[in-house]
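Report on one structure; see the data block that follows.
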Amino acid sequence: MPAHNIPNLSIPRIVILGGGFAGLKLARSINTRHYQVVLIDQNNYHTFQPLLYQVATAGLEPDSIAYPLRKTLKNKAHTHIRMAAVESIDLESKEVLTSIGKMSYSYLVIATGAETNYFGNEQIEKFAVPMKSLTESLDLRSLILQNFESSLNQKDLNESDSLMNFVVVGGGPTGVELAGALAELKKHVLPKDYPDLDIRRMQINLLEAAPRLLAAMSEKSSRYSLKYLERMGVNVYTDTAVQDYNGKVVKTNKEIFETRNLIWAAGVKGNVPKGIDEKYLERGRIKVNEFAQLSEHPEVFALGDVSIMFTKKFSKPLPMLGSVAQQQGSYLAKYFNRMARNQQVRPFEYSDKGTMATVGRNRAVVDLLGMTYGGTLAWLTWLFVHLMLLVDFRSRIMVFINWVWNYIRFDRGTRLIVRKFEQKK
């Protein structure tokens with residue numbers, strides 16, 4: 001038996017790469033009486049990525065938004081989970097090379113998600129702090145708290161300001177939500193934690209290269225978010241592109257910022273495994289048809305952020321959203337289940353559930369069913385939707401209790417530096 005100790009059965013083997021929204025939804029929904037399922041991920045947990053920024057700003061603890069893969073799939077027959085890194089894919093021999101050895105497949109589902117896009121700038125990649133994973137969010141939380149601790153010991157006022165100066169790059173939902181969370185920290189939490197510091201000197205700067213924030217949402221939502229952020233004391237710079245960062249100074253096409261905190265939320269790209277030829281890619285993602293298949297390899301599927309799909313209903317490619325990934329995972333499970341019963345399979349159709357972003361306490365923006373609204377109603381909508389999207393009941397209860405506590409007490413979670421974050425030099 002191979003090193004991964006997965007038995008060879010008479011039923012087809014589906015290998016799923018990635019335990020994110022798409023991969024986990026597929027694994028949970030597929031009928032494993034007809035298929036053997038092998039789920040491969042570098043981690044043994046699923047991460048609810050939309051709330052990573054709350055972990056980074058001490059609003060939630062990691063276990064509130066992470067859920068063990070083995071627990072959610074424990075009752076699935078013929079299902080195997082392996083914690084491993086994918087090294088390459090051989091489409092011709094139908095094999096995946098992983099850190100625990102080769103694995104053959106009857107069907108392959110690539111759901112490896114997205115990774116941070118630095119647009120080729122190695123200096124920024126070296127010194128900026130990303131926020132695409134749970135470990136990166138914990139690193140960011142440690143960096144924020146460490147820099148405030150260091151600021152207490154600074155005699156040089158400029159150096160102290162640099163440690164308390166935050167530059168968030170990217171005016172999409174992640175950047176807007178993170179800037180808003182930092183503004184909440186500045187107003188409600190940090191003055192109590194650090195009475196020896198003049199927290200009024202803390203600066204939060206949000207940089208966006210496009211002409212407006214939330215470019216994927218309506219112009220009305222963009223205006224609302226800008227108004228909310230400015231009221232919260234965030235300095236918003238549009239049409240401002242970062243050109244370089246050396247760990248201390250951010251250079252843009254307009255301004256120069258002195259900061260020890262450059263948070264990169266400016267873009268993502270498909271996390272495409274090695275072995276996928278360039279001819280299968282478009283805009284850096286795997287191009288699939290309306291059945292989520294590679295055109296020349298119908299036994300290979302790609303879901304979520306790593307894929308790019310065009311449908312008859314939408315003129316543009318489907319957005320890189322968790323809702324798209326979840327719907328694709330659910331669709332593909334139905335695809336396999338119907339195929340096992342020799343039933344006809346229809347192309348994938350995306351149901352647009354709307355887009356939303358929260359800015360802070362009682363402030364959010366929502367584009368839903370052709371309507372745009374902001375304020376408290378939008379904030380409550382955002383809270384409800386994100387609670388319902390969490391994997392299990394325990395996570396929903398934990399997050400809900402944290403949110404209620406934070407709302408009533410004007411406080412955030414335990415601000416512990418559990419592990420020190422060492423910045424690159």
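The values are calculated or read from the model by the stated rules, or taken from the named source; none is laboratory data. Only a predicted model underlies this, so the values are computations on that prediction, with no experimental measurement involved. Glycine gets a Cβ as well: all are built from the backbone with ideal geometry, and neighbour counts include every protein chain shown. The accessibility values were calculated without ligands, DNA or RNA, using every heavy atom of the protein model including side chains. Shrake-Rupley method; radii C 1.70, N 1.55, O 1.52, S 1.80 Å.
One table, with the values for the structure above:
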{"item": "Förster radius 35 Å - calculated FRET efficiency between His4 and Ser218 (Cβ-Cβ, nearest 0.05)", "result": "0.15"}
{"item": "Greater than 23 Å apart at Cα, pairs in Lys287/Lys334; Lys312/Lys334; Lys220/Lys316; Lys187/Lys251; Lys186/Lys220; Lys274/Lys316", "result": "Lys187/Lys251; Lys186/Lys220; Lys274/Lys316"}
{"item": "Where labels lie 7 Å past Cα in the beta-carbon direction, separation of Val418 and Asp90 in nm", "result": "4.0"}
{"item": "R0 of 45 Å, Cβ-Cβ distance Arg341-Leu380: FRET efficiency to nearest 0.05", "result": "0.60"}
{"item": "Cα lying deepest toward the dipole's positive end in the chain, options Leu69, Ala241, Ala216, charges on Cβ", "result": "Leu69"}
{"item": "Relative contact order (percent, whole number), the chain, Cα cutoff 8 Å, 6+ residue spacing", "result": "20"}
{"item": "Antiparallel DSSP beta bridges within the stretch 195-260, as percent of all bridges there, nearest 5", "result": "65"}
{"item": "Residues with amide H under 5 Å from that of Ala241, placed H, sequence gap 5 or more", "result": "Asn253, Lys254"}
{"item": "Neighbour-limited loop hits for trypsin sites (Lys or Arg not before Pro), the stretch 273-303 (at most 11 other Cβ within 10 Å; DSSP other than H, G, I, E, B)", "result": "Lys274, Arg283"}
{"item": "Simple Cβ-charge dipole of the chain, Lys/Arg +1 and Asp/Glu -1, about Cα centre, in debye nearest 20", "result": "1240"}
{"item": "5 angstrom amide H check on Gln36, placed H, neighbours 5+ away", "result": "Arg13, Ile14"}
{"item": "Anisotropy class of the stretch 188-269 from Cα gyration tensor, a/c 1.5 cut", "result": "oblate"}
{"item": "Note, ³J(HN,Hα) from phi for the stretch 32-44, Karplus 6.51, -1.76, 1.60, rounded to Hz, x at Gly and Pro", "result": "7, 6, 9, 9, 9, 10, 10, 9, 10, 8, 6, 10, 9"}
{"item": "Rough spin-label spacing in nm, given labels placed 7 Å along Cα→Cβ, for Met371 and Asn246", "result": "5.3"}
{"item": "Over the stretch 304-385, relative contact order from alpha-carbon pairs under 8 Å, at least 6 apart, %", "result": "17"}
{"item": "Phi to ³J(HN,Hα) by Karplus 6.51 cos²θ - 1.76 cosθ + 1.60 over the stretch 267-272, Hz, x for Gly, Pro", "result": "x, 9, 9, x, 8, 7"}
{"item": "DSSP-defined beta bridges in the chain - what % are antiparallel, rounded to 5", "result": "50"}
{"item": "Per-peptide average of other Cβ atoms within 10 Å, ordering 134-145, 13-24 highest first", "result": "13-24, 134-145"}
{"item": "Compactness relative to 2.2 N^0.38 Å, alpha carbon Rg of the chain", "result": "1.02"}
{"item": "The stretch 234-240 - phi-based ³J(HN,Hα) in whole Hz, Karplus 6.51/-1.76/1.60, Gly and Pro as x", "result": "7, 8, 9, 10, 9, 6, 10"}
{"item": "Cα gyration tensor shape of the stretch 310-425, rounded if a/c is under 1.5, else prolate or oblate by comparing a/b with b/c", "result": "prolate"}
{"item": "Shape call, the stretch 46-125: gyration tensor on alpha carbons, a/c limit 1.5", "result": "oblate"}
{"item": "Size-normalised alpha-carbon gyration radius of the stretch 150-215, reference 2.2 N^0.38 Å", "result": "1.25"}
{"item": "Peptides ranked, highest mean first, by Cβ atoms within 10 Å: ranges 153-161, 378-386", "result": "378-386, 153-161"}
{"item": "Distance in nm between pseudo-label sites at His188 and His34 (7 Å out along the Cβ direction from Cα)", "result": "4.9"}
{"item": "Amide H within-cut-off set for Ser307, under 5 Å, with H built and near neighbours excluded", "result": "Ile286"}
{"item": "Fraction of accessible area attributable to carbon and sulfur, the chain (%, probe 1.4 Å)", "result": "50"}
{"item": "Segments 71-84, 293-306 sorted - mean Cβ within 10 Å per residue, highest first", "result": "293-306, 71-84"}
